[in-house]
Amino acid sequence: AFGTSAKGGIDEDDDELGLTVPSDGIDEEDDDELGLSPSAALTQTAQQQQQKIKQKQLTQSDSNVDDEICEYNEETQNWGECPVEPNISFKDAMKSRAYWLVGLLALQSCSGFILSRNEMLLQDHPVIIYFLTMLVGAGGNAGNQASVRVIRGLALGTLNPQTQSQFLSRELRMAISLSLILSLAGFLRATLFQTPFPETMAVTLALSLIVFSSICLGAVLPLLLQKLGVDPAHSSTTIQVVMDILGVILTVFVSTAVLDSPWGKLLVKGLSNWGL
């Protein structure tokens, strides 16, 4: 308790604690309403100020602790505030990311081997090379877009075993819709640049398959990595490399089927006769 020297003030001991009380004190009418005497009201006010000071000190001390592990509160069913990478040093984080990127770099070189094995196709139809960057880039962008949505859903908790089937069903419909839209855009792009009709058909069909497969893989890959115990965030870079390789494979496969196979030539000839 704090002693009072007068109705409107407190002893010098209060000044040592950094507490201030209005010089006018508390009105007698307010005291009567609260059922407190003037000295009890002053004591209560001083205690409230002291609690505020302690809470402020605790808040400042907690903000300095950046390496605490995030804890899950079962009562509120929420995660507490935590640093971006708890208990992970810069060196360990760099090693994890470097190993993954070096592995992807080595894997990405496979696309060069695929192109070298289909050199004759590219020599006979050099137009395909001009569209190869567009085809591979479209697959990487579409797959990365789907992957980021899954990663965000996992982080926010909106994607869970109860909502997983609904989410994947929606991504399947999205893959079909976006593959049709981008195929139309690719067809118009090839037509505007006066690309021969057979190559235009090959590019359009390849683009449709690439976009469809990239969205499906982008939606599934983060979930697969999570089951394997790997950080799902790696899927955003992995899908780029996977679609680089798969995009080249699909482009070569579709181009060979449409441009060099007998049934492909018949199909292109038939579409040309129909005025497409």
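Between a first residue in the stretch 75-102 that is at pLDDT below 80 and a second residue that is of a type in the set (A, V, I, L, M, F, W, C) and open to solvent by 80 Å² or more (accessible area, probe 1.4 Å), which pairs have beta carbons less than 7 Å apart while being 6 or more apart in sequence or on different chains?
What qualifies is PRO86/ILE69; ASN87/ILE69.
Which condition from (1) open to solvent by 50 Å² or more (accessible area, probe 1.4 Å); (2) closer than 24 Å to VAL136 by Cα; (3) of a type in the set (A, V, I, L, M) is the one that ILE245 breaks?
Evaluating ILE245 over (1) open to solvent by 50 Å² or more (accessible area, probe 1.4 Å); (2) closer than 24 Å to VAL136 by Cα; (3) of a type in the set (A, V, I, L, M) leaves (1) as the failure.
Inside the stretch 188-206, can you point out the residues that are in a helix (DSSP H, G or I) and open to solvent by less than 60 Å² (accessible area, probe 1.4 Å)? Spell out how you get there, then give the answer.
First, pick out the residues of the stretch 188-206 that are in a helix (DSSP H, G or I): 188-192, 197-206.
Within the stretch 188-206, ALA190, PHE197, PRO198, GLU199, THR200, MET201, ALA202, VAL203, THR204, ALA206 qualify.
Going by the structure shown, is THR195 touching a residue at least 12 places away in the same chain (Cβ under 8 Å), out of contact with any Cys (no Cβ under 6 Å at 6 or more places or on another chain) and within 30 Å of VAL268 (Cα to Cα)?
On the way: touching a residue at least 12 places away in the same chain (Cβ under 8 Å): yes; out of contact with any Cys (no Cβ under 6 Å at 6 or more places or on another chain): yes; within 30 Å of VAL268 (Cα to Cα): yes.
The answer is yes for THR195.
Output the residue which, of all residues in the stretch 116-156 that are charged (D, E, K, R) and surrounded by fewer than 16 Cβ atoms within 10 Å (Cβ to Cβ), is nearest to the chain's Cα centre (by Cα).
This residue is ARG152.
For ILE176, are the conditions met, namely being part of a helix (DSSP H, G or I), more than 14 Å from PRO222 (Cα to Cα), touching a residue at least 24 places away in the same chain (Cβ under 8 Å) and β-branched (Val, Ile, Thr)?
Details: part of a helix (DSSP H, G or I): yes; more than 14 Å from PRO222 (Cα to Cα): yes; touching a residue at least 24 places away in the same chain (Cβ under 8 Å): yes; β-branched (Val, Ile, Thr): yes.
Considered against the rule, which asks whether it is part of a helix (DSSP H, G or I), more than 14 Å from PRO222 (Cα to Cα), touching a residue at least 24 places away in the same chain (Cβ under 8 Å) and β-branched (Val, Ile, Thr), ILE176 comes out as yes.
Considering (1) within 24 Å of LEU159 (Cα to Cα); (2) open to solvent by 60 Å² or more (accessible area, probe 1.4 Å); (3) over 14 Å from the mean Cα position of the chain (by Cα), say which one VAL230 fails and leave the rest.
(2)
The values are calculated or read from the model by the stated rules, or taken from the named source; none is laboratory data. Every value quoted in this text rests on a predicted model; they were computed, and no experiment measured them. Please note: Cβ atoms are built from the backbone with ideal geometry, for glycine as well, and neighbour counts cover all protein chains shown. We work out accessible area using only protein heavy atoms, side chains counted, and drop any ligands, DNA or RNA first. Shrake-Rupley method; radii C 1.70, N 1.55, O 1.52, S 1.80 Å.
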